[in-house]
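The values are calculated or read from the model by the stated rules, or taken from the named source; none is laboratory data. Predicted model only: the values in this text are computed from it and were never measured. Here Cβ is always computed from backbone atoms with ideal geometry, including for glycine, and neighbour counts include all displayed protein chains. All accessible areas refer to the heavy atoms of the entire protein, side chains included, with ligands and DNA or RNA removed. Shrake-Rupley method; radii C 1.70, N 1.55, O 1.52, S 1.80 Å.
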Amino acid sequence: MTEKLRNRVHRRLELASLRKKILFYQAAYDKRYFSEFICLLTMFLDKTNHRRQECFVDYDAQTVLSTNQVLQIADKYDVISFDVFDTLLFRNVNKPTDVFQLLETENKVYAFSIKRKQAEERARRKKYLATGTDEVTLQEIYQMPELNCGVSPEKLMAAERAKEIACCYANPVLKQLVNELFVGKKRIIAISDMYLDSGFIRCLLKANGYPQLDRIFVSNECGVNKSSGALFDLVYDKLKGNVRVLHIGDNFHSDVMKCKNKAFDRLHYLRATC
């Protein structure tokens, strides 16, 4: 098989994967499981869309949008909100916890990956029992006894932050979108369920070429998260005034289904993976 033919087959597989994702999520969103969403497939088969392997989906309107179309509809919103990890930023590992495995190898700490996961689970349980929320900081995780492993917690925390910087890179599609919104003087914020602090996340975004965001809301600092829906309500209260917000994120549960605040509209960012 020639390289040109291989690339063509791969693109078709990616497109088929994306179509299936859209149909599945639309059915889940509507709580129905039958194929009445042929309009979405039709949109993908037209000449303007057939090469695209990622998109933004509005399940209320049963519409698939390109980056340019998102830019056009952004005008009617006061604030554009973005998820951070797997939306604005990608990692060059298969799973976020693969970062722990890299730290284990580089720092020669036996079973660090397992201990790091266990420490986070214990920290969340402890925090929930004490406060009613399981949102924890990186510092609280490294205070757990599982990470008493012969290397100072401060050194390991610094190593984890450094590894996040090394593993993260900008999503080129979202980077272009954010920069164009920034040039158009749109108010841009980020919302993340994460144990890293907002200052560090701002540095991560800056290091990857994103412009200065207006505000960054992180679950461990706010005490509530997107996955419960409560963080969206808190963000709206913090923004103040009668504002309309468009939120964009990759997680169907947290960024779409739980984004129920009446001031928020939401788009699901999807990319094909074979």
Legend entry - Contour minus Cα-Cα distance for residue 238 and residue 260 (0.36 nm per residue): 6.3 nm
Inset, instruction - Please give, to one decimal in nm, the separation of the simple spin-label points placed at residue 157 and residue 183, each 7 Å out from Cα toward the Cβ. - result: 4.0
Legend entry - Quotient of Cα Rg and 2.2 N^0.38 Å for the stretch 222-274, N being how many residues it contains: 1.19
Inset, instruction - Return one number: the angle in degrees, 0 to 90 and rounded to the nearest 10, between the long axis of the Cα atoms of helix 198-207 and the longest principal axis of the Cα atoms of the chain. - result: 60
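Restricting to the chain, compute how many DSSP beta bridges are antiparallel as a %, nearest 5. Spell out each step's value before the answer.
On the way: 10 of 28 bridges.
Once the DSSP bridges in the chain are tallied, antiparallel ones form about 35 percent.
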Inset, instruction - Give the angle, between 0 and 90 degrees and rounded to the nearest 10, that separates the Cα long axis of helix 3-30 from the longest principal axis of the Cα atoms of the chain. - result: 80
Legend entry - Share of alpha-carbon pairs per 10 Å distance bin for the chain, given as whole %: 6, 25, 32, 24, 11, 2, 0
Inset, instruction - Please work out the average accessible area per residue across the stretch 217-274, using the 1.4 Å probe convention, and give it in Å². - result: 41
Legend entry - Residues of the stretch 159-191 with amide N under 14 Å of a point placed 7 Å along Cα→Cβ from residue 221: 189-191
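Quick one: ranking 140, 180 by accessible area, 1.4 Å probe, largest first, what do you get? All intermediate terms of the calculation are to be shown ahead of the outcome.
Working: 140 50, 180 80 Å².
Listed by decreasing accessible area, they come as 180, 140.
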Inset, instruction - Please list, or write none, the aspartates and glutamates whose alpha carbon is within less than 18 Å of the alpha carbon of residue 155, excluding same-chain residues fewer than 8 places away. - result: 104, 106, 120, 140, 146, 164, 197
Legend entry - Cα centroid separation, the stretch 66-105 to the stretch 247-264 (Å): 14
Inset, instruction - Anything over 18 Å Cα to Cα? Flag those among 115/226; 126/226; 95/206; 108/163; 226/260, in the order listed. - result: 115/226; 126/226; 95/206
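In whole angstrom, how long is each semi-axis of the equivalent ellipsoid of the stretch 109-219, when you take the square root of 5 times every eigenvalue of its Cα gyration tensor and sort them from largest down?
Numbers: eigenvalues 198, 60, 19 Å².
So the equivalent ellipsoid measures 31, 17, 10 Å along its semi-axes.
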Legend entry - Alpha carbon Rg of the stretch 49-111, scaled by the compact-globule rule 2.2 N^0.38 Å: 1.73
Legend entry - Segment residue 75-residue 98, length gained on full extension (0.36 nm per residue, minus Cα span): 4.4 nm
